[in-house]
Amino acid sequence: MPLFGEPGQRIAYERYPHPGGGPPLYLVHGFTASAASFAANLAALREHFTVVTVELLGHGGSDAPADPAAYAPAKAVERILGLMDALGDARALLCGHSLGGAVAVQCALAAPGRFAGLVIINSASAAGTPAWAAAAREGMLALAARVRAEGTAFLKATRLYPAHGRRLDETSRALLVRDFDRLTPEGLAGTAEGLIPAVNAFERLPELRVPVLVIAGERDRDFMEVLPGFLAQLPHGLARVVRLPGAGHAANLEAPREFEAAVINFARELGVLAPPAAGTRGPAGTNALSVAGGVLIAAGLGMLAAALLVGSLGRDSGGQVFVAEPEPSPAAGFTPVTAVAGTRTAVPVAPGAASTPANPGGGAATPGAPGASPTPSPTATATPTRAAAAPAATATATPTVPPTPTPSNTPVPTATPTPAGPYAAIAGPVRVEAGASATYYDVSNPTPLRVTWMTPSGTFRDVHGVTVTFAAAGCYGITMEAIFADGVTRTAVLNVAAGEASCGS
């Protein structure tokens, strides 16, 4: 690969010209990775763009100086802008994965006129709050000290090592392993000390003026936790999100066709690429991406796992998967419930309380009042399983995560009136026999970023639904808190009467 910059601080790059002079698209990888992070995407992207891959200092074929000051964010920005000048690219799309996403934000803040748009892929480095950044800083400084003392061999036992990425394609895995094995203690420690601790620009996000496309692999728990705050911090209407429910941290490799289609559609939305000719197929023949409420949403993707991390070495960036298939068809007695943001129903319900469209189960609507179960309540400790796993037998007293419901053309009954904008909703029976089990599904619109279920027997996170066994008669509360792409948490509550108990008139 050619090198750019002054000796000792040169960065490696590769330029892939487009035969028709397509607009430039710069790709920047994450921590411990290289340009190989985009190996699976080059062919499709080169059909539309002049693609330039950039390797950060200390990575891939770039120089790896010992001085951490050489890795500072301002220096990284200066090198990328200088490379653009050297290649004659006055303006470009800039795409960054993970740490590269944070560098991309810094570039756009420094020179907004140089970038038509940003594509940010699962970058907790860019999206994290100051508190998140402080914790990451502490971890990175400890990592740098260990690397300087022991070398890089111990990292092969962590999930940073791409050889552990079982769901990566073989070519990408082999190239990433090759480049990981080239990393030096100076390059890793310099990045961990000089770049990562200072690259987060959360406080400056309101200043951003470059349109942003966020690629969100939802199995990356670290990123999904900070995404709502990131979106809320950006100027209104500046960002759109493509959600990939089956992908994790390396979303562009785990769902390559969906990623490529999202980037191409984003470029067309911005006018960087011309719209497709009438009657032609979508990018690379992939599923179409639709625009709904300013947010691009991709659904129906494969179940793939994360391979790379930017956060703590011991944390699994996977976790439960958000299900994006059609809403479940109703069973007998299924009644969805909706609630206004920040409002939940107190349980048990006061006798005689009215049922309303926002509270079909009846009961007093009390802002901030958590659902509480009466005595007796189920006592078993719940152990959630993945949404695709089979439920436990109905004889068990342990709440379980239900299987993904079979898609159906039967419409789900909805509350009237339908709430305007995003809303949280639960579908499930409001009356069951004592000792019986019932399943409750998330039917919020649109699909939330994160959900937390609170049931009489335990709390469950990031699952499409829960099955609860009601061991005794009583009035029980099923609560679901949902975080949406606008950063707002909305709550739905369903009151369930078991046996001869009543949850209101």
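For the range 4-16, the set of residues classified as under 18 Å from Ala33 (Cβ atoms) and either in contact with a Gly (Cβ under 8 Å, 6 or more places away or on another chain) or exposed (fewer than 14 other Cβ atoms within 10 Å of the Cβ) (or both) consists of Ile11, Ala12, listed by residue number. Can you tell me which of Ala153, Ala124, Ala131 is without any contact (Cβ under 8 Å) to a residue 60 or more places away in the chain and closer than 17 Å to Gln233 by Cβ? Step by step, each of Ala153, Ala124, Ala131 is checked, and only Ala131 is without any contact (Cβ under 8 Å) to a residue 60 or more places away in the chain and closer than 17 Å to Gln233 by Cβ. For the range 181-201, indicate whether the set of residues that are assigned to a helix (DSSP H, G or I), of a type in the set (A, V, I, L, M, F, W, C), in contact with a strand residue (DSSP E or B) (Cβ under 9 Å, 6 or more places away or on another chain) and open to solvent by 10 Å² or more (accessible area, probe 1.4 Å) is non-empty. No, because not a single residue in the range 181-201 is assigned to a helix (DSSP H, G or I), of a type in the set (A, V, I, L, M, F, W, C), in contact with a strand residue (DSSP E or B) (Cβ under 9 Å, 6 or more places away or on another chain) and open to solvent by 10 Å² or more (accessible area, probe 1.4 Å).
Exactly one residue out of Ala69, Ala104, Ala64 is assigned to a helix (DSSP H, G or I), open to solvent by 10 Å² or more (accessible area, probe 1.4 Å) and of a type outside the set (Val, Ile, Thr): that is Ala69. Of the residues Gly117, Gly60, Gly88, Gly113, only one is within 23 Å of Arg243 (Cα to Cα) and of a type outside the set (A, V, I, L, M, F, W, C); which? Checking each option against the conditions leaves just Gly117.
In the set Arg178, Arg166, Arg159, Arg204, only one residue is part of a loop (DSSP other than H, G, I, E, B), out of contact with any strand residue (DSSP E or B) (no Cβ under 6 Å at 6 or more places or on another chain) and loosely packed, with under 14 Cβ neighbours inside 10 Å; that residue is Arg166. A Cβ distance below 8 Å, combined with a sequence gap of six or more or placement on separate chains, defines the contacts here; from the range 74-87, residues that are within 12 Å of Gly5 (Cα to Cα) reach residues that are of a type in the set (S, T, N, Q) in the pairs Lys75/Gln9; Ala76/Gln106; Arg79/Gln9. Kindly provide the set of residues from the range 207-235 that are under 20 Å from the mean Cα position of the chain (by Cα) and open to solvent by 40 Å² or more (accessible area, probe 1.4 Å), ordered by number. Once the filter is applied, which keeps residues that are under 20 Å from the mean Cα position of the chain (by Cα) and open to solvent by 40 Å² or more (accessible area, probe 1.4 Å), the range 207-235 yields Arg221, Glu225, Ala232, Gln233. With respect to the conditions (1) touching a residue at least 12 places away in the same chain (Cβ under 8 Å); (2) of a type outside the set (S, T, N, Q); (3) assigned to a loop (DSSP other than H, G, I, E, B); (4) open to solvent by 10 Å² or more (accessible area, probe 1.4 Å), His59 lacks only one, and its number is (4). Taking the range 125-152 as the range and being of a type in the set (Gly, Ala, Ser) and open to solvent by 20 Å² or more (accessible area, probe 1.4 Å) as the test, the residues that pass are Ala131, Ala134, Ala135, Ala136, Gly139, Ala142, Ala145, Ala149.
The values are calculated or read from the model by the stated rules, or taken from the named source; none is laboratory data. Just so you know, these numbers come straight off a predicted model, no measurement behind them. Note that each Cβ is placed from the backbone with ideal geometry, even for glycine, and that neighbours are counted across all protein chains shown. SASA here: full protein model, heavy atoms, side chains in, ligands and nucleic acids out. Shrake-Rupley method; radii C 1.70, N 1.55, O 1.52, S 1.80 Å.
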